[in-house]
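The next block holds one structure in the form of structure tokens; read it before the comments.
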Amino acid sequence: MDQKASYEDASGEPGGAVSTVSSSMNPLQPPDASSEEPFTTYFDSKIPIPEDEKQSCFSFRKLWAFTGPGFLMSIAYLDPGNIESDLQSGAVAGFKLLWVLMLATLIGLLLQRLAARLGVVTGLHLAEVCNRQYQKVPRIILWLMVELAIIGSDMQEVIGSAIAINLLSMGKIPLWGGVLITIADTFVFLFLDKYGLRKLEAFFGFLITIMALTFGYEYITVRPNQGKLLQGLFVPYCQDCGTPQLEQAVGIVGAVIMPHNMYLHSALVKSRQVNRANKREVREANKYFFIESCIALFVSFIINIFVVTVFAEAFFKKNNADVNAVCVNTSSPHSSLFPNNNETLEVDIYKGGAVLGCYFGPAALYIWAIGILAAGQSSTMTGTYSGQFVMEGFLNLRWSRFARVLLTRSIAITPTLFVAIFQDVEHLTGMNDFLNVLMSLQLPFALIPVLTFTSLPSSGGSGGGVLILLICSINMYFVVDYVMSLNHVALYVGAAVLSVIYLSFVAYLVSVAPAEAPCSWEQPMGCFSHCSVRCPIAQPQGQNRCGS
């Protein structure tokens, strides 16, 4: 199939060449308002943006109107998988990897900015653009890979919620019971959007506030060394670090940069009423969404710092015997989790809460569990939104809201429930490592499309390529290290075969990238001086795509 097809303007004049799927309509042109909308979302109504009579360069009223999508996106940076990565980083490396967390968050901000701009400028989210740009077979494979990432993330989030419920009930509610409760309340929370998008966003803001307060309480209680904190943030070093610390650094990058989150963010920005035929409104939307994303990710970064520094200050270089002695002295019911030996302390979400309870009292344990529950509940809901947008975008399915939620929840909940029934709550770290590997493998299937459709060779495309190579290399190291730790020849052979197939598909996605990006962020309505592609933005009647 010929990958070179032309965009056409309103008069039928060819506008340039781009790699896409041939169609009678512009492949990146959203349907006309008069036609039936093929992609239904939870956001049936859009938030209006107030007019600024003075045309000032900044308006708090407008920022407030645009506030919401960035905070929903930032929840992925606070899910139980991230929290577990944070606490393990602190316990294994102390304050030494805080700069890695900050760098990973900045890279995540760059990628989220590109994803948001794609949604604003084209009026389509990332999955819809992939639907139009890739042929049927690779498009379905890409959809399956993204769904795997969503399932892996959902399993971590649901089990995180179940662990929190187990801790809060003092072990009376088993892990599988917590999973069932999470299923039920997630369905209830997801229908809050019936009462208005702003109320739904406010509810997510409430959950983020709970996380900030609970993890902030642990931070104030432990009182980490502020000098070491600042040194860890701004001095990129890792003195006396070995393989465990390097693995934690790689794990931080893999946990922070979530593949499905870019699909989610590009869809959430469509909830604002922006006239894409107006260049000023498009630029304004891009500006305010970026400011909001900066604020949201700064809040998530601070919360992540709380967790890392608490475990760095209190439990770095601790061994099992140290913790066991404290737990026995405080008559903690969790003292059996820590054998009386000199092995280095290993913690996860469950053991982390138990350790906090031993050292700082039962209140610290219960407050920790409340924070984990808020993280798990909020991230399971945004994970469901991601699944809905990805399924609708890639497959163009028009299902009822209940059917969509039931399918996307069932895909993730079913394996999670089996794990919860047959796996003890104290031994979930191995599964969490496997899920981190799974999501690391899916990362290129979000990075390549978002950088493909938002970068030009003449305006930073090469930098995007370097970013893809860097992040994918880091995550491949993580995957190889995990497979090598399994110590089984058959697994090595299977991993090698799968790696060849995997890398071949990644190479294919790179090779079919359009020669030019589908849109210019600085000239959303006009002709580009640096390329021949004309932006697929709806124009006022009687104007061509150059606005003349």
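The values are calculated or read from the model by the stated rules, or taken from the named source; none is laboratory data. As the structure is a prediction and not an experimental result, all values here were calculated from the model. Ideal geometry is used to build each Cβ from the backbone, glycine not excepted, and the neighbour counts take in all protein chains shown. Each accessible area value is taken on the protein alone, full model and side chains, heavy atoms only, with ligands, DNA and RNA left out. Shrake-Rupley method; radii C 1.70, N 1.55, O 1.52, S 1.80 Å.
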Condition check: of a type outside the set (Lys, Arg), closer than 29 Å to Ala312 by Cβ and assigned to a helix (DSSP H, G or I). Does Leu106 satisfy that?
yes
What about Leu142, is it out of contact with any strand residue (DSSP E or B) (no Cβ under 9 Å at 6 or more places or on another chain), open to solvent by 30 Å² or more (accessible area, probe 1.4 Å), in a helix (DSSP H, G or I) and of a type outside the set (Phe, Trp, Tyr)?
no
I'd like the full set of residues that are open to solvent by less than 40 Å² (accessible area, probe 1.4 Å) and not charged (D, E, K, R), limited to region 189-206.
Leu190, Gly196, Leu197, Leu200, Phe204, Gly205
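Which members of region 249-261 meet the condition of being out of contact with any Leu (no Cβ under 6 Å at 6 or more places or on another chain) and assigned to a helix (DSSP H, G or I)? Outline the logic, then answer.
Of region 249-261, the ones out of contact with any Leu (no Cβ under 6 Å at 6 or more places or on another chain) are 250-251, 253-258, 260-261.
Result: Val250, Gly251, Val253, Gly254, Ala255, Val256, His260, Asn261.
Against the definition (within 27 Å of Lys96 (Cα to Cα) and modelled with pLDDT under 90), how does Val299 come out, yes or no? Steps first, please.
Values: within 27 Å of Lys96 (Cα to Cα): yes; modelled with pLDDT under 90: no.
When the stated conditions are applied, Val299 does not pass them.
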If Lys172 satisfies all but one of (1) open to solvent by 40 Å² or more (accessible area, probe 1.4 Å); (2) of a type in the set (D, E, K, R); (3) not in a loop (DSSP other than H, G, I, E, B), what's the number of the condition it fails?
(3)
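Looking at Thr186, Thr182, Thr214, Thr209, which one is among the polar types (S, T, N, Q), open to solvent by less than 50 Å² (accessible area, probe 1.4 Å) and at pLDDT 90 or above?
Step by step, each of Thr186, Thr182, Thr214, Thr209 is checked, and only Thr214 is among the polar types (S, T, N, Q), open to solvent by less than 50 Å² (accessible area, probe 1.4 Å) and at pLDDT 90 or above.
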Please count how many residues of region 145-169 are farther than 22 Å from Met262 by Cα and open to solvent by 50 Å² or more (accessible area, probe 1.4 Å).
1
Among the listed residues Val355, Val347, which satisfies the condition of being among the β-branched types (Val, Ile, Thr) and in a loop (DSSP other than H, G, I, E, B)?
Val347
Does Leu246 meet the test of being open to solvent by 60 Å² or more (accessible area, probe 1.4 Å) and aliphatic (A, V, I, L, M)?
yes
Would you mention how many residues in region 52-86 are touching a helix residue (DSSP H, G or I) at 6+ places or on another chain (Cβ under 6 Å) and either modelled with pLDDT under 85 or hydroxyl-bearing (Ser, Thr, Tyr) (or both)?
4
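Looking at region 411-426, which of the residues that are open to solvent by 50 Å² or more (accessible area, probe 1.4 Å) and assigned to a helix (DSSP H, G or I) is modelled with the lowest pLDDT? Give the derivation first.
Our first condition is that a residue be open to solvent by 50 Å² or more (accessible area, probe 1.4 Å); within region 411-426, this holds for 411, 414, 418, 421-424.
Keeping just the survivors that are assigned to a helix (DSSP H, G or I) gives 411, 414, 418, 421-422.
Numbers: Ile411: 68, Thr414: 76, Phe418: 79, Ile421: 78, Phe422: 76.
Among those that are open to solvent by 50 Å² or more (accessible area, probe 1.4 Å) and assigned to a helix (DSSP H, G or I), it is Ile411.
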Conditions first: (1) more than 29 Å from Leu337 (Cβ to Cβ); (2) touching a residue at least 60 places away in the same chain (Cβ under 8 Å). Lys287 passes all but one, so which condition is the exception?
(2)
What are the pairs, 6+ residues apart or on separate chains, where a residue within region 204-216 that is in a helix (DSSP H, G or I) has its Cβ under 6 Å from a residue that is among the charged types (D, E, K, R)?
none
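For the condition part of a helix (DSSP H, G or I), open to solvent by 10 Å² or more (accessible area, probe 1.4 Å) and without any contact (Cβ under 8 Å) to a residue 40 or more places away in the chain, what is the one hit in Ala321, Ala314?
Ala321
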Determine if region 77-94 includes at least one residue that is closer than 19 Å to Lys270 by Cβ and not small (Gly, Ala, Ser).
no
Could you check region 217-243 and list, in sequence order, the residues that are assigned to a helix (DSSP H, G or I), under 24 Å from Ile372 (Cβ atoms) and open to solvent by less than 80 Å² (accessible area, probe 1.4 Å)?
Glu218, Tyr219, Thr221, Val222, Leu229, Gly232
Taking region 465-515, which residues are among the polar types (S, T, N, Q) and either open to solvent by less than 50 Å² (accessible area, probe 1.4 Å) or in a helix (DSSP H, G or I) (or both)?
Ser473, Asn475, Ser485, Ser499, Ser504, Ser511
Taking Phe445 as meeting all but one of (1) assigned to a helix (DSSP H, G or I); (2) modelled with pLDDT under 70, write down the number of the exception.
(2)
Top-ranked residue in region 75-120 [being closer than 27 Å to Ile448 by Cβ and of a type in the set (S, T, N, Q); ranked as surrounded by the fewest Cβ atoms within 10 Å (Cβ to Cβ)]
Thr105
So is Val307 in a loop (DSSP other than H, G, I, E, B), closer than 30 Å to Lys228 by Cα and in contact with a Phe, Trp or Tyr (Cβ under 8 Å, 6 or more places away or on another chain) or not?
no
List, please: which pairs have Cβ atoms under 6 Å, are six or more places apart or on different chains, and start with a residue in region 338-365 that is closer than 18 Å to Gly81 by Cα and end with one that is in a loop (DSSP other than H, G, I, E, B)?
Ala354/His334
Reported set for region 121-132 where residues are surrounded by fewer than 24 Cβ atoms within 10 Å (Cβ to Cβ) and part of a helix (DSSP H, G or I) is Asn131, Arg132
On the basis of being modelled with pLDDT of 90 or more, assigned to a helix (DSSP H, G or I) and open to solvent by less than 10 Å² (accessible area, probe 1.4 Å), does Gly371 make the cut?
yes
